Amino acid sequence: MCGILAVLGCTDNSQAKRSRIIELSRRLRHRGPDWSGLHCYEDCYLAHQRLAIVDPASGDQPLYNQDKTVVVTVNGEIYNHKELRAQLKSHTFRTGSDCEVIAHLYEEHGENFVDMLDGMFSFVLLDTRDKSFIAARDAIGITPLYIGWGLDGMSDCFISAKRHLEDVLS
């Protein structure tokens, strides 16, 4: 179990807002005490609190594609990651994390890759090339993923623990 937080299209990109996002991400630490990560790109923030199970040495998140233009933060496990990696022979992987396949599958197949995933997961993927994003979870909904909109009506927020959603949006 990990904690994920994504704030996308944040109209306030001040240092105070960044500090607030870091503070809120830390509130998810009970979901992942092994590692904290944050990726900022313009008005988008992806934060992660990691519980290291698969590849505890190098699977820190957020995870990236080869040129770091695709960023993903994930809660869960991709059961068929080895088979999917084998299909991505032209891609270079940085970690042994089961979830790294998500960024590479997106590059190869676009948003249709989600149907290829077997596992329990929720994730937010940001494509910095066009600032598009995907938020998805497994079909059964084993791992939580909540969405909210900022008071400005423009920013989107995705989080893995509902009790903290209102804090992010205020």
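The values are calculated or read from the model by the stated rules, or taken from the named source; none is laboratory data. None of the values given here were measured: they were computed from a predicted structure. Note: ideal-geometry Cβ built from the backbone for every residue, glycine included; neighbour counts use all protein chains shown. Protein only, heavy atoms only, side chains kept; ligands, DNA and RNA dropped before computing areas. Shrake-Rupley method; radii C 1.70, N 1.55, O 1.52, S 1.80 Å.
Looking only at residues in the stretch 78-89 that are open to solvent by less than 50 Å² (accessible area, probe 1.4 Å) and in a helix (DSSP H, G or I), which one is farthest from Ser25 (Cα to Cα)? So that I can check it myself, show each step before the final result.
Step one: filter the stretch 78-89 for residues open to solvent by less than 50 Å² (accessible area, probe 1.4 Å), giving 78, 80-81, 84, 88.
Right, trim to in a helix (DSSP H, G or I) and you get 81, 84.
Numbers: His81: 27, Leu84: 30 Å.
Going through the qualifying residues, I end up with Leu84.
Restricted to the stretch 149-170, and to residues that are surrounded by 19 or more Cβ atoms within 10 Å (Cβ to Cβ) and part of a strand (DSSP E or B), which residue is modelled with the lowest pLDDT?
Step by step, filter the stretch 149-170, then rank; the result is Ile159.
Being within 14 Å of Ile78 (Cα to Cα), among the acidic types (Asp, Glu) and not in a loop (DSSP other than H, G, I, E, B) is the filter here; which residues of the stretch 90-137 pass it?
If the condition is that a residue be within 14 Å of Ile78 (Cα to Cα), among the acidic types (Asp, Glu) and not in a loop (DSSP other than H, G, I, E, B), then Asp98, Glu100, Asp115 are the ones that fit.
Scan the stretch 58-77 and give yes if some residue there is under 22 Å from Leu5 (Cα atoms), over 12 Å from the mean Cα position of the chain (by Cα) and open to solvent by 60 Å² or more (accessible area, probe 1.4 Å), otherwise no. Quick ask: steps written out before the conclusion?
Narrowing the stretch 58-77 to residues under 22 Å from Leu5 (Cα atoms): 58-65, 68-77.
Going one step further and asking which of them are over 12 Å from the mean Cα position of the chain (by Cα), we end up with 58-59, 65, 68-69, 77.
Add one more test, that the residue is open to solvent by 60 Å² or more (accessible area, probe 1.4 Å), and what stays is 68, 77.
Yes: the stretch 58-77 contains one or more residues that are under 22 Å from Leu5 (Cα atoms), over 12 Å from the mean Cα position of the chain (by Cα) and open to solvent by 60 Å² or more (accessible area, probe 1.4 Å).
Out of the stretch 95-141, which residues are under 19 Å from Gln49 (Cα atoms), out of contact with any helix residue (DSSP H, G or I) (no Cβ under 6 Å at 6 or more places or on another chain) and open to solvent by 10 Å² or more (accessible area, probe 1.4 Å)?
Correct list: Thr95, Gly96, Met120, Ala135, Arg137.
Criterion first (of a type outside the set (Val, Ile, Thr), surrounded by 15 or more Cβ atoms within 10 Å (Cβ to Cβ), more than 20 Å from Phe113 (Cβ to Cβ) and at pLDDT 85 or above) does Cys44 satisfy it? Show your work before the answer.
Working: of a type outside the set (Val, Ile, Thr): yes; surrounded by 15 or more Cβ atoms within 10 Å (Cβ to Cβ): yes; more than 20 Å from Phe113 (Cβ to Cβ): yes; at pLDDT 85 or above: yes.
For Cys44, the condition - of a type outside the set (Val, Ile, Thr), surrounded by 15 or more Cβ atoms within 10 Å (Cβ to Cβ), more than 20 Å from Phe113 (Cβ to Cβ) and at pLDDT 85 or above - is met.
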